[in-house]
Structures are given as structure tokens and as C-alpha cells.
Amino acid sequence: MGKYFKYAIGEILLVVIGILIALQINNWNENRKASTLEKSYYCLLLDDLKQDKQQVEVLKTLVQERISYSNQMISVIQQDESDATKFGENLRYAIRLAAKSFQPNDATYQDIKSSGNLSIIKDKAIIKALNTYFKSTDGYTKAIITNFELDFDRLSNFENFISLGLFNANDEFYNNQIFTEDIRQQLKEDLPQFISNDIKPRLYGTALSIGLNNRRRLELLNLIEGEVDSMLRLLKQKCTYQ
């Protein structure tokens, strides 16, 4: 009886030890999977930020071009006789793609949240930094859009776009494709050669506003780029796959 009891106890102990080892191995595997997923998230987030960096660089190039055209536009309106075609050409490029603004790539971050995997990111400073990043860039972007809408409203308040020289400037782009030869010839006679003195003071103010807001947009894009660079530095430290 004593030998059987000892044998039974030994068997139970072996089973318990086996279960504990299996649980330990399973926990190790789960932790390893979680660690691998965490690292992959850091690298995916890094890829998103690299795209943001490229995006802001493109936007900065565009706004620098708009600043140049804004300066030329202001120079034209400052002349005693402001050539309508030159003003319209520069105005068109000074507001070109102005509605296009920065949109951060949050695909990976949204995936982490929607899948309930925020707990996998052990470095909570990263989560905090991401929240700050999206909040800050959203604020800068809203300021950019607000300024654009103000300029658009100012331009929209001019009752006659012909007087702004925009039709003069766009002749090669759409008049030749849309209107007949007779209409185009009449347009050449009807379109003003110079900006009317009646609207010149108000148009001068609008041109200055566009120039200032293009400059302000560049400043805001520089701030956005600073946020991007900060996140890139953080994530490069965490992404060990690249």
C-alpha cells in the first residue's frame, strides 16, 4: 500500500510538473508573439511617418512656389497700370492646389486601436507621443485650411472674375478647348488689358492676404515637419527590423 501511494504521488507530481512546463512554454510563446507583433507595429508606424515626411516635403515645395508667385502678383498690382493677364497668371499659381493640405497617415495607429492591441505597445511614451502628434498636426492643418478659406472667400466676393485677369491667364488651358473661334476672338476684345482702378485697392489687399497666408502656411508646415521628425527619431529607436 505504501509503495502504491508513493508511486501515485510520483505520477501526480510528474503530471503537475508537465502541466506547469507546458504552461510556461505556452506563456513564453505568447510573450514572444506579442513582442514580435509589438516590434512589427513600431516598424509599420515608422513607415507611416516616413510617408508623412515625404508628404510634408512635397507640400513645402508647392507653397514655396506659391510664395514666389504671390510676390510677383503683388508686384504687378503695385504698378500704376496693372496688367490683367500677368496678374491673373500669378494669382492662379499663387493659389494653385491651395486646398491640398497635410493629412497624417494613421492607418497603423487606427489598426492598433481597432484591434484592441494598444496593450501590446509596452512603451506607453510612444502612445502618448502619437496622440500628441496627431493632435498637434491636426491643429496646424486646421489653421492652414482656415486661412485658405479666408482667401477663397475674399476672391469669391469679387462679383466679376473677368476683372481679376483669371480668364486672360487661362486662355491656353480651357478657352481653346471649350469655346468656338468666334467666342475666343470676342473674348480677346472684351477681356480687360489692365486691372480696373475701381477694384484695385481691394484686390491689392486680397493679394497681400494671399501672400501672407502662403508664408504662414510654410511656417505651419515647418512646425508639422518638426512633429514628424520627432516621431521618426522615437520610432527609429524602437524598430529593430530596419
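The values are calculated or read from the model by the stated rules, or taken from the named source; none is laboratory data. Keep in mind the model is a prediction, meaning the values are calculated, not measured. Don't worry about glycine lacking a Cβ; one is built from the backbone with ideal geometry, like all the others, and counts go over all protein chains shown.
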For Asn168, state whether it is buried (at least 17 other Cβ atoms within 10 Å of the Cβ), assigned to a helix (DSSP H, G or I) and modelled with pLDDT under 70. yes
Looking at this structure, is Glu65 closer than 20 Å to Leu155 by Cβ, charged (D, E, K, R), assigned to a helix (DSSP H, G or I) and free of Cβ contacts under 8 Å to residues at least 40 places away in the same chain? yes
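Conditions tested, residue by residue: (1) more than 25 Å from Phe102 (Cβ to Cβ); (2) assigned to a helix (DSSP H, G or I); (3) modelled with pLDDT under 95; (4) of a type in the set (S, T, N, Q).
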residue: Leu203; (1), (2), (3), (4): yes, yes, yes, no
residue: Leu212; (1), (2), (3), (4): no, yes, no, no
residue: Asn222; (1), (2), (3), (4): no, yes, no, yes
residue: Lys236; (1), (2), (3), (4): no, yes, yes, no
residue: Gln242; (1), (2), (3), (4): no, no, yes, yes
Output for the stretch 201-223, where each listed residue is among the basic types (Lys, Arg) and either within 24 Å of Gln55 (Cβ to Cβ) or crowded, with 16+ Cβ neighbours inside 10 Å (or both): Arg215, Arg216, Arg217
Hits in the stretch 71-99 (condition: closer than 24 Å to Lys60 by Cβ and either modelled with pLDDT of 90 or more or touching a Pro at 6+ places or on another chain (Cβ under 9 Å) (or both)): Asn71, Gln72, Met73, Ile74, Ser75, Asn90, Leu91, Tyr93, Ala94, Ile95
Checklist (1) surrounded by fewer than 18 Cβ atoms within 10 Å (Cβ to Cβ); (2) closer than 21 Å to Gln54 by Cβ; (3) of a type in the set (S, T, N, Q); (4) touching a residue at least 40 places away in the same chain (Cβ under 8 Å) applied to Gln110, failing item: (4)
Looking at the stretch 75-91 only, could you name the residues that are assigned to a helix (DSSP H, G or I) and either surrounded by fewer than 18 Cβ atoms within 10 Å (Cβ to Cβ) or acidic (Asp, Glu) (or both)? Ser75, Glu89
The residue that is surrounded by the most Cβ atoms within 10 Å (Cβ to Cβ), considering only those in the stretch 47-71 that are among the acidic types (Asp, Glu) and more than 18 Å from Ala94 (Cβ to Cβ), is Asp52
